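Visitor: Pasting a structure here, questions to come.
The values are calculated or read from the model by the stated rules, or taken from the named source; none is laboratory data. Everything numeric in this text was worked out from a predicted model, so none of it was measured. Please note: Cβ atoms are built from the backbone with ideal geometry, for glycine as well, and neighbour counts cover all protein chains shown.
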Amino acid sequence: MFVGIVILVLNVLRSVSADTWHRLDDALYLVDNTSRLNYDEAHAYCLTRGANLTRIDSDKIQSFLTTFISPPLTTERCFWIGCHDREVEGQFKWLDGTQVRYDGWASDQPDDGRGIQDCACLWSSQDPNRHGRWDDNTCGARLDLICQKGVSLPGLTSGPSVEDISSTFVTVSWSSWIPCLDTGEGPVISYLVYLQTMDGEWVEGGGIDLDMGEGDLQRRMEFVLTGLEPGTEYNISVSAVREGVGGEGPKGPLVSVMTIESGRRFGAFGKGNLLWFLFGVSLAGNILLVVVIMITCRRQGKQQKKKTLPNLTRAPSGYDPKDHQYEVPGPLETGMTTSMKVFREQKAA
Ligand SMILES: [Ca+2]
Ligand SMILES: [Ca+2]
């Protein structure tokens, strides 16, 4: 008995884990053609998977779901959807109680066959008038089913950083989507980068796969936006994309940038060369300053010598050795002229 229960549980878990959900926009769909359940059982089957029998309210969803039941099976099969008129005959509602406004019915349906058909299903049929269209059926019939559940698309909580700017391109980087830190559900497989000009229109600038990033768990993503207008202000935003159709999440926080004014002036020169040019100008200025300082110091040294040596090397102008009233200031040293020697001897006498 116990072993039987264990085997049953394992089989249930295996069947749940084997579910294949298909994404369209913000919803996931499970197309089941093996369980064969009545309407209420099918509803419960979806609920156990956090889902509901599917709602179909657009051509887009109807066409999307039809791809999973095409080509039509050799024998007609109908898949329960979440639409019925159990409460008021002829007034079909979705399981959340809202009225059915989209017309997905086959040409001769709903017909409330034999007065007992209240639950809707989607046909897989060789009849082109029925394939991919709805029919009301007996709720107790054992049919296939389609579940639907919402999904939270991934969103980045931090905007991109600007790494480089020129007149025609901008390089931005950001950290890859991480559960808990960012919003929604993964796994994220790629990113899309958008540009917004000041007229308010967002334009897709390109995309990059997660594999292109650097790192392991949180990768550093980098993307170069090209073909920009010089001297123009742009907003830049990044969105994360899950696998499957419609897996793109909302745009994350934006960053504003202004491209360089003149593409001709800096386009060929480049930002790197500009930095080297500024460095060279600065170095030349410093060298010139040192040279000027050295020349100035040398001149001041020479002038100082001229101020201290005259009275030691020659007599003052207008000196007459015979003029005893003249007095020479300071000591006499080697190098004095003959006139000075004469003056000294006369002074001593
Ligand atoms: Ca009915
Ligand atoms: Ca019918």
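Visitor: Given the residues Q126, Q109, which is the only one that is out of contact with any helix residue (DSSP H, G or I) (no Cβ under 8 Å at 6 or more places or on another chain) and either outside the structural domain of T66 (by TED's automatic domain parsing) or within 13 Å of ligand 2 (Cβ to nearest atom) (or both)?
Guide: The match here is Q109.
Visitor: Assess whether F92 counts as being surrounded by 12 or more Cβ atoms within 10 Å (Cβ to Cβ) and under 27 Å from P154 (Cα atoms).
Guide: No.
Visitor: Now for a different question. Considering the stretch 84-104 alone, what residues qualify as being near ligand 1 (Cβ under 9 Å from one of its atoms) and in contact (Cβ under 8 Å) with a residue 24 or more places away in the chain?
Guide: H84, D85, R86, E89, F92, listed by residue number.
Visitor: List the number of the failed condition for C121; all other conditions in (1) out of contact with any Leu (no Cβ under 8 Å at 6 or more places or on another chain); (2) near ligand 2 (Cβ under 10 Å from one of its atoms) hold.
Guide: Here C121 meets the rest and fails (1).
Visitor: Is the stretch 81-97 home to any residue that is more than 30 Å from L195 (Cα to Cα), within 45 Å of the chain's Cα centre (by Cα) and among the small types (G, A, S)?
Guide: yes
Visitor: Give me the strands (runs of 3 or more DSSP E) completely within the stretch 1-87, filtered to those with at least 1 residues that are of a type in the set (V, I, T) and at pLDDT below 95, ordered by residue number.
Guide: Qualifying strands (runs of 3 or more DSSP E): 27-37.
Visitor: Separate question: Considering each residue of the stretch 105-132, count those that are within 16 Å of ligand 1 (Cβ to nearest atom) and either closer than 20 Å to A42 by Cβ or surrounded by 13 or more Cβ atoms within 10 Å (Cβ to Cβ) (or both), and give that number.
Guide: 12
Visitor: Return yes when C147 is in contact with a helix residue (DSSP H, G or I) (Cβ under 6 Å, 6 or more places away or on another chain), in contact (Cβ under 8 Å) with a residue 12 or more places away in the chain and within 16 Å of ligand 1 (Cβ to nearest atom) and no when it is not.
Guide: Here the answer is no, as C147 does not meet what is asked.
Visitor: Please work out if D103 is more than 9 Å from ligand 2 (Cβ to nearest atom), of a type in the set (D, E) and in the same structural domain as T66 (by TED's automatic domain parsing).
Guide: Taking the combined requirement at face value, the residue satisfies it.
Visitor: Separate question: Output the number of the condition that S167 fails; it satisfies all remaining conditions of (1) small (G, A, S); (2) assigned by TED's automatic domain parsing to the domain that holds A240; (3) within 16 Å of ligand 1 (Cβ to nearest atom).
Guide: If we test S167 against (1) small (G, A, S); (2) assigned by TED's automatic domain parsing to the domain that holds A240; (3) within 16 Å of ligand 1 (Cβ to nearest atom), just (3) comes out false.
Visitor: Give the residue that is modelled with the lowest pLDDT, with candidates limited to residues of the stretch 140-158 that are assigned to a loop (DSSP other than H, G, I, E, B) and crowded, with 18+ Cβ neighbours inside 10 Å.
Guide: V151
Visitor: Still on this structure, I have one more. Would you be able to say whether some residue in the stretch 59-67 is polar (S, T, N, Q) and farther than 26 Å from E248 by Cβ?
Guide: No, the conditions are met nowhere in the stretch 59-67.
Visitor: Hey, another quick one. Return the pairs, sorted by first residue and then second, in which the second residue is within 16 Å of ligand 1 (Cβ to nearest atom), the first residue lies in the stretch 115-135 and is basic (K, R), the beta carbons are less than 6 Å apart, and the residues are 6+ apart or on different chains.
Guide: Close Cβ pairs (under 6 Å, with a partner that is within 16 Å of ligand 1 (Cβ to nearest atom)) amount to R130/A106; R133/A106.
One line per residue, one yes/no per condition, for (1) within 16 Å of S173 (Cα to Cα); (2) among the β-branched types (V, I, T); (3) not in a loop (DSSP other than H, G, I, E, B):
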site	(1), (2), (3)
S190	yes, no, yes
I208	yes, yes, yes
D211	yes, no, yes
Q218	yes, no, no
G246	no, no, no
G252	yes, no, no
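Visitor: Collect the residues in the stretch 133-144 that are of a type in the set (A, V, I, L, M, F, W, C) and within 14 Å of ligand 1 (Cβ to nearest atom), keeping them in residue-number order.
Guide: Result: W134, C139, A141.
Visitor: Before we move on, is Y45 in contact with an Asp or Glu (Cβ under 8 Å, 6 or more places away or on another chain) and closer than 19 Å to D25 by Cβ?
Guide: In short, no.
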